[in-house]
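To start, the structure itself, in structure tokens.
Every read-out reported here was derived from the displayed coordinates using simple, explicitly stated rules and does not represent laboratory data. From a predicted model like this one, the values you see are computed outputs, not experimental measurements. A quick note on method: Cβ atoms are made from the backbone with ideal geometry, for glycine too, and the neighbour counts reach across all protein chains shown.
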Amino acid sequence: MSGNADKTHELVQRAYGAVARKQSSCCGSGGSCCGQTKAYIVPDHPVPEAELGLSCGNPLAFGHINVGDVVLDLGSGAGKDVFLAAQKVGNTGRAVGVDMTPEMLKLARRNAVKFFTTTGLANVEFREGKIEAIPVDDASVDVVISNCVINLSPDKPRVFREVYRVLKPGGRMIVSDIVLNRPLPDAAKNDADLYAACIAGALMRQEYLEAIRNAGFEKIELLSDHAYEVDHACDDPVTGGVSKSLSGSAASITVLATK
């Protein structure tokens, strides 16, 4: 990858490594690094410690995961969505999380022990890797999910090509992410804090959907579409300083695409 891509990965690793060490959102209690006033909190989650307030949607809410499926979560963090998927697929299925941040993987694996103690399920696994080069075999996954992570990648089209590669024929991708409805103001485009807060690296909506289509997906459906609440993104003074310019610029969407 290019030097700029490496720098982006380092930026994201630093930001989310710090979150893992604190075991809390980079936005403080109840906030979401992806700009919601409050992250989506799952009632009665089997491992409450896996909730770090990093989500911008709920890709598991739309009923496209079946018992026995192999589910892959890109940017799995502390394991919140991996554990929920593992409950849905049961003993005959598997839930695999991929993350590039060592501190997050350490936390997720510790949480996996709690998950087994709580549920008796031993069907989760966490792998280290970048989502632009997913450490998973070709055509081995039924469902790929991701929750406010792909917008952090420096090469989003490559991520979607990788997702297409690992999915079985007929497999589904369900991703929640941030997209732009109009270009960002110059003051926001190159800000590191805004990148970690999921804003500066986001694609224009049509560009994002086109990248999915160009990866080979034929059936693409928008499952949810909500205005992005930038005023509360990490309570960051930089975000606050440009919030009026950003108002209406971004949206949180959940997309379903079928191979």
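Assorted remarks:
- Charge context of Asp177, other residues only, Cβ under 13 angstrom, K/R +1, D/E -1: 0
- Gain in span if fully extended, Lys114 to Glu128, counting 0.36 nm per residue against the direct Cα distance: 3.0 nm
- Relative to the current alpha-carbon distance between Leu222 and Asp138, full extension at 0.36 nm per residue lengthens the span by 27.7 nm.
- Segments 167-174, 116-123, 76-83 sorted - mean Cβ within 10 Å per residue, highest first: 76-83, 167-174, 116-123
- Each peptide in 60-68, 106-114 receives the mean, over its residues, of other Cβ atoms within 10 Å, and ordering these scores from highest gives 106-114, 60-68.
- Once backbone amide H atoms are built at 1.01 Å from N, Leu72 has Val96, Val143, Val144, Ile145 as its partners under 5 Å, excluding neighbours fewer than 5 places away on the same chain.
- Derived scalar couplings ³J(HN,Hα) [the range 76-91; Karplus, 6.51 cos²θ - 1.76 cosθ + 1.60; whole Hz; x for Gly, Pro]: 6, x, 7, x, 3, 6, 4, 5, 5, 5, 4, 5, 5, 7, x, 4
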